[in-house]
1. Taking the label point as lying 7 angstrom from Cα along the Cα-to-Cβ axis, what are the distances from B:Asp108 to the corresponding position in the remaining copies, in ascending order and in nanometres?
2. Ordered by packing density, taken as the mean number of other Cβ atoms within 10 Å over each peptide's residues, highest first, how do B:50-57, A:175-182 rank?
3. Taking each residue of A:68-80 in turn, how many C-beta atoms of other protein chains fall within 10 Å of its C-beta, and what is the average?
4. With a 1.4 Å probe and all protein chains left in place, how much accessible area per residue does region B:55-194 have, in Å²?
5. Could you name every residue in region A:106-141 that has 20 Å² or more less accessible surface in the full protein assembly than in its own chain alone (probe 1.4 Å, ligands and nucleic acids excluded)?
6. To one decimal in nm, how far is A:Thr82 from the same spot in the other copies, if labels go 7 Å from Cα toward Cβ? Please give the shortest first.
7. Given Cα pairs under 8 Å that are at least 6 residues apart, what percent is the relative contact order of region B:55-194?
8. Note the buried accessible area between A and B here, summed over both chains, with a 1.4 Å probe, in Å² to the nearest 100.
There are 2 protein chains.
Amino acid sequence: MPKGQPLVVPDDGLTTRQRRNRPLLMVHTGPGKGKSTAAFGLGMRAWNQGWRIGVFQFVKSAKWRVGEQSVLETLDEVHRTTGQGGPVEWHKMGSGWSWSRKQGSEDDHAAAAAEGWAEISRRLAREEHDLYILDEFTYPMKWGWVDVDEVVATLRDRPGRQHVVITGRDADPRLIEAADLVTEMTKIKHPMDVGQKGQRGIEW
Amino acid sequence: MPKGQPLVVPDDGLTTRQRRNRPLLMVHTGPGKGKSTAAFGLGMRAWNQGWRIGVFQFVKSAKWRVGEQSVLETLDEVHRTTGQGGPVEWHKMGSGWSWSRKQGSEDDHAAAAAEGWAEISRRLAREEHDLYILDEFTYPMKWGWVDVDEVVATLRDRPGRQHVVITGRDADPRLIEAADLVTEMTKIKHPMDVGQKGQRGIEW
């Protein structure tokens, strides 16, 4: 329900409006489905508000292309041609980030992930996007490819009104502690359990 | 991960391809966020595949308009003008369904919900959509506004290759039993707990 009443009114010296407009750090974690899908769904809402969206996919394969990418790129084109909605940038780690000249660094995922995070830090400092979708970013955090304390401090101290959503299993407790909103997706039942493989249009 | 291996290969006489392309009944339930957002995110994937999408929102207020509706209506327009993606229909219970002449039946939510389900049944029989999003349909089931056994039987016996996703808390055990994929969204942390209200672009 969208217009719920808060359970507690905090003693933080902020007005309801200030508090309402506070930028959010969101985490979608857990072993179930829907973590990324819900994050890209948030992207639809953000686009509709005219927000500047930056998607950063920390996935290994550059070949992988989810339906959401096509859709958000279509929406970016709608924005550029009609002014409706907001601009969308979609960056994928794959075999080197699009802004990077270092191609063929495909094998060094740790370096690529660190480079991705460094770019995101710079964009946060410049307040370049209104919504950052850091897809599967829990894994570089888990595997020590980025410094979790530094990531959490940078996110916590980010300027202005920038929303961030991070997806992936096994979110670090320090990230959960710093987050405003954490949802865990739990698998109750999945077709792969009964021998069904993923299918086009549903899984990607 | 999109291309996982199934844990079990079932003895159901189907080929992997037949099994892969089996239509899915999906349920997003639980008290956490992201149930509807992930369902509308699935809509993005489906649109990208050129599927015919039918959204049926079992919400009380017709005034309520989520960002996803604007986006999916924009995508429907892109489809109509360029042929890209698939067609999208968006129906809201509100003060009477769009296909119904009975306006002003706003007060009789039970009748409106039953009417919505009857229309969905007819569309399932005609194989009118490739993906049905029945948003917040667990509530009419819970409140006895529709016959749960009949709903489950109709969904289970639907012809052709029609995918269905149902969202809402407290999914009936019979629905969960019939579903192929069930995800529970659990709230770990929510800004409303610390006195923050919902905000535009995030909650709608």
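1. 7.1
2. B:50-57, A:175-182
3. The per-residue average across the peptide is 4.
4. Spelled out: the 1.4 Å probe surface of region B:55-194, per residue, equals 43 Å².
5. Those are A:Glu136, which lose 20 Å² or more relative to the chain on its own.
6. Values, ascending and in nm: 1.1.
7. For region B:55-194, the relative contact order is 23 percent.
8. Chains A and B together bury roughly 6800 Å² of accessible area.
The values are calculated or read from the model by the stated rules, or taken from the named source; none is laboratory data. The structure displayed is predicted, hence computed values, not measured ones. When we count neighbours, we look across all protein chains shown, and the Cβ atoms used for this are built from the backbone with ideal geometry, even at glycine. Keep in mind that these areas ignore ligands, DNA and RNA; they rest on the heavy atoms of the full protein, side chains included. Shrake-Rupley method; radii C 1.70, N 1.55, O 1.52, S 1.80 Å.
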